[in-house]
Structures are given as C-alpha cells and as structure tokens.
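Scroll down for the structure; my scribbles are underneath it.
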Amino acid sequence: MAGDVHNKGVSWEVQQNGTLAPVDRLRNDRSESPTPGLVEGTEPGAGQESAMFVHAQSFEDLTADNEVPTETEPKGDSVLGESVEEEALCLAAEEKIQEDLHRSKEEDVCTEAWRSHRKHVFVLSEAGKPIYTRYGTEEALSSTMGVMMALVSVVEADKNIIRSIHADGYKVVFLRKTPLVLVGVSRTCQSDLELTRELQYIYYQIVSLLTLTQLNHIFQHKQNYDLRRLLAGSEHLTDNLLQMLDRDPGLLLSAVTCLPLASSTRDLVSSSLQAAKAKNLVFSILLAGDRLVTLVRKKDQYLHHMDLHLLFNLVGSSSSFREGEGWTPICLPKFNTAGFFHAHISYLEPASDLCLILVSTDREDFFNLSECKHRFLERLSRRSAYQALKEALKCPSYSVTQVGIPELRHFLYKSKSSGLYTSPELSLPYQSEEEQERLMGLYQYLHSRLHHPKRPLRSVYRCGETENLMAWVTSGFELYLCFSPLGTKALAVAAVNKLLRWIRKEEDRLFILSPLTY
Amino acid sequence: MTMRVDAKVVMLGKESVGKTSLVERYVHHRFLVGPYQNTIGAAFVAKPIQVADKVVTLGIWDTAGSERYEAMSRIYYRGARAAIVCYDLTDTSSFQRAKFWVNELQNCEEHCKIYLCGTKLDLIESDRGLRQVDYHDVQDFADEIGATHFETSSKTGSKVDELFEKVAEDYNSISFQFMTEETGIDLGQKKDSYFYTCCHS
C-alpha cells in the first residue's frame, strides 16, 4: 500500500490497457454512452492517457494513512528529495532568546467566546508541550494540553488507543502521530473519521515544513523541545489550511478543480510548460488563484492531491511570492516524508493571479528554474496563448444556470480517475460566508454517509427545510447536488442524467483531459 | 532573457526585523502596512543601479529569518559579495542574532562585505525610549569587523537608498581593484575562486 505514494503509475497503466477499453475506443464510449461514467475511466472528466495524480481506487485508499517508510524511495536512478542534513538541527543555538510570538489572535482562553468556537485544533508534543492552537495562545493552554496528553497516556497504559470522546455535543478526536499528538474539538456534525482526516492535513502541513526525519530527530534528542521555535511564522499557514478545510470542497473530495479553459489553450500552456524543462525538475504547476491551470510532471512521478493542497495553501496564504521569485525547501509528505524538494514560486506578473510553481530536487537549481520560467513565458506569449489565458481568468467560474436545470442550485462532481472535480460558483442563497460553510457542512455530512467505514452508501437523498440534497457515488465519479426545497426525488434523478450529459459536453473546458509529462 | 546579475547581495537577520520591508522600499519604493507576513524560504529580486558611469545589477536574496530555514541559509550567502545584516533598533535580541550572522559570514565567506543595518528608525524618532540598541555600540562593533553601519527606516525611506548605493559602489570599486591587479594571467594558477559566484551568468 505504501507503494501508492510513489510509482502507482505502473499498475495504473496496466489497468488501463488491461481492464478498461483501449484509448481509441474510449473516445467512442464517451460520446455514445447514454449514462456515461458508470465505469471508471469513462466518466466525464476522465483523463485520456494517464492520471496526473497518485491513483487509487477509492477515497478510502487515497486517505488511508500509511506511514511511508524509507524503503519506499522512488525506484530508478535518481533518488528524489534530498535527505535533511544533520546541520538542520539547530538545537545547538541554545543562546536563542525567548521568542516573542507576534500573534494577532491573542484571545483570552478563559472566555465563553473562546469556548464557543466551532472547531478547535491543538497540536502538542508527546511531552505535552503546546505546539499549535487555532484560537488563543499556546502559553495560556499549556495545562489544558497537559491534560490532553495525560488522557492519551492513561489509555495507552492499558495498551489501548484513545480515538475520540463524545460528550455534551462535542466531539474530541485524537490523532497520535509520533512525535506529535493532534487533538480536534468540534461542535459540527462531522464524523470522527472526517475530523481525523482534517487532523492528518494539519500533521502533514507541519511535516511539509520540517520533514518527518527532522521532526523525529529533534524529539529523539530532546523530548521536551519547544517546536514552536522551528515553526515560528508558520502559524498562518495552519490557520489558513483549517479555513480551507472548512470551505474548500477539494479537500473534502480529495480532488482539485481546474480553471475553465478552452482545451486548445490549455494544451498550448501545457506544452509550453513541458518544453521548459530542466534536469532536476519534477513538477511544473500553473495555478490561477485556487484553481489548477495545468500540471506537467516527470514521467512516472505522481503528485498526491494532498501534497498539491499543501502547495495551494503555501501559495495562497502568503503574499511573499508576489514580489520577486520565491525559493523554498518544501517536503511533499505524501511523496516522501524524508526529504525536501525545492520550489521556485513566482507570479507571472506582479498583479496577476497566475502563479507558477516549479518543483526541483536540487537546492542549487534556483537560476535554472528561473530560466525555465522565462522560457515558458516567452513561448506562451509567442503563441498568443497567454492572451487567451488572461482572458479566461476574467471568468474563473461558471453559473449553475448554464446547466439548464431550474431546481439545481449547486453541485460538486468529481471524476475519480482524473482526481479532478468541477463545481459552479456559489450563487444566492449561498453567498454569505456563513451560508457557504453551512452548505459545505451538508456536503461533508453526505460525504461521510457515502464513505461510512462500516455502512457505506451508494446514494443518499435528503429533504430539508432549506434545500434538498442528493449524493451518488459510482466507480467512476462522485456527485453531490443541492436542489431547491421544492424539488422532488424524481426530478433530482432526472437532473442527474441531464447534468452528466452537460458535464460530458463541457469536459474539454472543465477538466484536464490530456495531462503531459516530460 | 534572464537578467545578468553582477553582485549577489544577501539580507540576513532575525525574523520580523524588516528585511523584506527594506527590499520592498528599495526596489518598489513603498512601505506596505498590514499584518506581518513572514518570508517563506527566500525571495530573489534583481535590481539594476547606476554607479558612476556604469550599471551594476544587484541580485538581492531576501532570506527568511525563521530558524527553520537556518540550515538552508548557506546556499543564499555562498558567493555573496555583500551581506546586509539587519537588526531591529527596538529589540536587543535581534542584535545578538545579527552578531551570530556576522560570525557565520566571517567563518564561511571571507570575501563577503558586511553591512550592519539597524531598522525601524522611525519608531525611535517618535519615541526615544524605544531604543534598545545603542548607536555607538554598533559602530564600535562595525569598526572591529570592518563593516559599514547604517540606521534605516523602511517606513520613511530614510537611509535606505544610501545603503544599497553604498553596496553597489563598494562592489564597483572592489571589482575595479581586482581588475587592475589581475593584469597578467598566471597559467599555473587556478581560476581565482573569488570570482566564483553562485549566481550563474
């Protein structure tokens, strides 16, 4: 299973040639099938050649949390991701002075307001030392976190593991990831599983900054090390990630959404990116805000959607890449928790939303990658694709009315084989932040019903006072729909077919059908 | 198409002393007010500057102050011709950190010229009581290590241009010196490592 993280590509290729229709026939199936997409690989949005992301059959596989042991180095001649140097451990710098943490969220942890936040997240070390809290300051919570660690230890003393506590409308979820302990306290209706998954994101966020090797090393040397010293300045990354988890359906679906773009333009952008390669370049990713324009990868190397979400978060929560070119070490934990990649991050223009991320294995590669960026830009503007791309940026989303189903208010559609999803913009009545989070909460609920560990469902229909919801999962796709409360179940079922046909018609624009490699 | 860089300049110093603001002021002539945003990894920007009758392009590496990136910092200062070591005039600990960087540079980059740069002078000007790092103490330290010393404010722009101009001038005169010294070519001698810079050309 650990192999999933790396060269899943091989088995996937076999699958495509073996069990699925050959590529040329796929084309026909696409247009003729009356209910498209019941088989994986033929659903609307499925890529034609191979997937861009680490491929797995199911959501459960994708989120299954197998620690990546070191033997899962990518095979082949070059070992990707350099190992962290010993010198990285600046434990020696003991003369280091008290950090004054510049936190804007100085909030009194004794107040009712603090207690009533919907979702708290705490990270602590196994020595019970506070590392992160979503609200308030860590110092003020050292005794609370001590109690949390005590709970974990008491249960472990009996050779058991504490998973969650349910009391008084709260769920307290524990995730033990040596050398860290993560605790979520929630009043939402999310399941334990979903909450644990969110904690995993936070864990990987921390690993992406330090690597697991370094994290282990630190705590092996000094159990009561104050990790906040090394994480200083990264709190807003975690804050932002938690907000993304509340609002971004991509993190729920384990998928990424694309900027709607004519396929001819997208292909030009992709091929320009493909042409601007360098020896140690592994991934070239072009983003438009929080949407993917294209992703070109080294042959046989796959990116995990979780790692991509961490990159989205890094770029989205920092303005420091706006000016000049950024160069930063980053660990992509689902690829390899042991080493750093080095990412060249820059916007194509200062005021533009287009951000290019070039991921290399070599820390000396900055100027090579800077050169790649220039080559890419040159090529792009020569073919006028740049203009078309900038034009497309003006409408980064689409309205649900384009689908032509009057009762339909919103939907999420994920193509399983490509790992991409599409969704219209949120219109009335879901324009306020509150309403958006409420709708996300409903989708989260449906998601947890479909993916219930013991009693998974294939479809759900739920009537509510404010909206009717439907969710349907097949081996090819996952679909979540939100209808006006006046709709009926029969209408909803009819709408699904209509919607699938519409997505099929628009798939060239909404998905990346022909991902490239170099 | 990539800009040719003449001199590699690296910004070093404790986090939140204002390295990014300094670069921002110098390169974009502005001061951004808003919540503090830490630099991730490092940011690179190339800036041409007129010195006497020629143009020198400074390749400025604005590094993150966070301890997390300390192990990486070598790649940023290796081959640098100038290091602007920043400290916050209102924070003694930041000056201790500056000394750490100076020590690091003296050990690893003997050809790198050091500029000590006090930041947030505007805060001191509005309230003298805020000063925690004495001007003369730093000046003495600067003399001792052969560094140049500036006190700047990115908010008002005070002394910022002067600082970078001095960096460019020094680069210009030093490289001129070297040119005149190296008139003959000694075939037996290896290429002088001094001319090696990390910035490729």
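Here, each number is a calculation from the coordinates, and none is a lab measurement. In this text the structure is predicted, and so the values were computed from the model without any measurement. Every residue, glycine as well, gets a Cβ built from its backbone with ideal geometry; the counts of neighbours run over all protein chains shown.
For A:ARG247, project a label point 7 Å along Cα to C-beta. Then give me every residue of region A:188-203 with its amide nitrogen under 11 Å of that point. What the label zone holds, given the 11 Å backbone N cut-off, is no residue at all. The gain in end-to-end length when the A:ALA113 to A:THR178 segment is fully stretched comes to 20.2 nm, 0.36 nm per residue minus the alpha carbon separation. Taking GluC sites (Glu not before Pro) across region A:443-518, the ones in a DSSP loop with at most 15 further Cβ atoms lying within 10 angstrom of their Cβ are A:GLU465.
FRET efficiency for the B:ILE174 to A:ARG383 pair, using the beta carbon distance and R₀ = 41 Å, is estimated at 0.35.
Averaging the Cα positions of each part gives two centres, and for region A:318-359 and region A:248-298 these lie 14 Å apart. Between region B:95-157 and region A:456-518, the alpha-carbon centres lie 61 Å apart.
Partner lysines whose Cα lies under 21 Å from the Cα of B:LYS120, excluding those fewer than 8 positions away in the same chain, are identified as B:LYS14, B:LYS19, B:LYS99, B:LYS155, B:LYS159, B:LYS166.
One Cα centroid belongs to region B:40-74, the other to region A:150-188; the line between them spans 45 Å. Over region A:256-394, the alpha carbon radius of gyration divided by the compact-protein estimate 2.2 N^0.38 Å works out to 0.97.
On the beta carbon distance between A:SER397 and B:HIS28, with R0 = 25 Å, the FRET formula returns roughly 0.20. Per the Kirkwood formula applied to alpha carbons, region B:3-187 shows a radius of gyration over Rh ratio, Rg over Rh, of 0.97.
Positive end of the dipole of region B:22-106 (Cβ unit charges, origin at the Cα centre): among B:MET72, B:ALA82, B:VAL102, the Cα lying farthest that way belongs to B:ALA82.
Using a Förster radius of 35 Å, what is the FRET efficiency between B:TYR135 and A:ASN216 based on their Cβ-Cβ separation? Nearest 0.05, please. The calculated FRET efficiency here is 0.15.
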